[in-house]
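Working notes, structure below.
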Amino acid sequence: MQAHKRDLANNNVNRTYSMKSILRFTRLSLTALVLSVFAIGSAQAINPTPSPTTDTMIIGDSVFALSGDIHRYLEQDLNKTIATYARSGCQMIGGNFICSRRNAIPQQYANASKRGIKTVIFNGGGNDIQLNSCAPSLSRCMTLLNDLETEIGRLVAQMRADGIQNIIFLGYYNGTGDAAALREINEFSMNRKAMTYPGMNIRFVDVRSAFNGNESRYLLSDGIHPTAAGSRVLATLIRQAL
């Protein structure tokens, strides 16, 4: 009888533990879903109908799109409308469950109205690296890094063919937390851009020194996206490159 009672008690504990595990997993899944929806919604919410008189556009990923602060600061600083097509989660090559290949950064440009556009501000490649199984190994990611530069070169060539006069690439800062594991890859990629982009007549905005040591103020708790203060710094660096 005592053994039977112990078995019943153990079964109840196991069922309670299993239910708690299921509920915890469900909460985590819902949290991930909400964050994904938020990212998508934020990207869509800050993509205004481009003004027919604008001469500047932004394309890229969530560094621009998640809060929209860089876009707003630039419009305020320059006192003009800037068209933005940037979306959270988007890659230079292909797509993912947050941003499909239809909204990949080259497609953002392809789908945008280029009428009157003389300046393009963009970034890209961060999500390609972060979501690829090669990371955080630099040696394993070399093929991807080469492919990204090839794709960026194609995009820039198309911009030139379309008469774009000023092309600005916003570089990536080094992330914190889990993103800190990508530092070696990011350093290699940014150093490469700093060396090669001037020869391609691309104005490369290297933001690493501005963020180094200021991550607690300039990055959100995810260690990836800029705070309002971080976006203010990025907008200022972009404006200085114009």
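Scanning for something outside any helix (DSSP H, G or I) and surrounded by 14 or more Cβ atoms within 10 Å (Cβ to Cβ), does segment 149-163 turn up at least one residue?
Checked segment 149-163: no residue is outside any helix (DSSP H, G or I) and surrounded by 14 or more Cβ atoms within 10 Å (Cβ to Cβ).
Among the residues of segment 202-220, how many are in contact (Cβ under 8 Å) with a residue 40 or more places away in the chain and part of a loop (DSSP other than H, G, I, E, B)?
Result for segment 202-220: 1.
Would you be able to tell me the number of residues in segment 200-233 that are out of contact with any Ser or Thr (no Cβ under 9 Å at 6 or more places or on another chain) and at positive phi?
Adding up the residues that qualify gives 2.
Working only within segment 134-155, note down all residues that are within 19 Å of the chain's Cα centre (by Cα) and within 17 Å of Cys90 (Cβ to Cβ).
Leu144, Asp147, Leu148, Glu151, Ile152, Leu155
Restricting to segment 185-199, give me the number of residues that are assigned to a helix (DSSP H, G or I) and either buried (at least 16 other Cβ atoms within 10 Å of the Cβ) or in contact with a Ser or Thr (Cβ under 7 Å, 6 or more places away or on another chain) (or both).
So the count comes out to 5.
How many residues are loosely packed, with under 14 Cβ neighbours inside 10 Å, among the small types (Gly, Ala, Ser) and part of a helix (DSSP H, G or I) when one looks only at segment 111-140?
The qualifying residues number 1.
Any residue at all in segment 93-108 that's modelled with pLDDT of 95 or more, in contact with a strand residue (DSSP E or B) (Cβ under 8 Å, 6 or more places away or on another chain) and either polar (S, T, N, Q) or under 24 Å from Gly153 (Cβ atoms) (or both)?
Scanning segment 93-108 turns up at least one residue that is modelled with pLDDT of 95 or more, in contact with a strand residue (DSSP E or B) (Cβ under 8 Å, 6 or more places away or on another chain) and either polar (S, T, N, Q) or under 24 Å from Gly153 (Cβ atoms) (or both).
The values are calculated or read from the model by the stated rules, or taken from the named source; none is laboratory data. Just so you know, these numbers come straight off a predicted model, no measurement behind them. We place every Cβ from the backbone using ideal geometry, glycine too, and count neighbours over all the protein chains shown.
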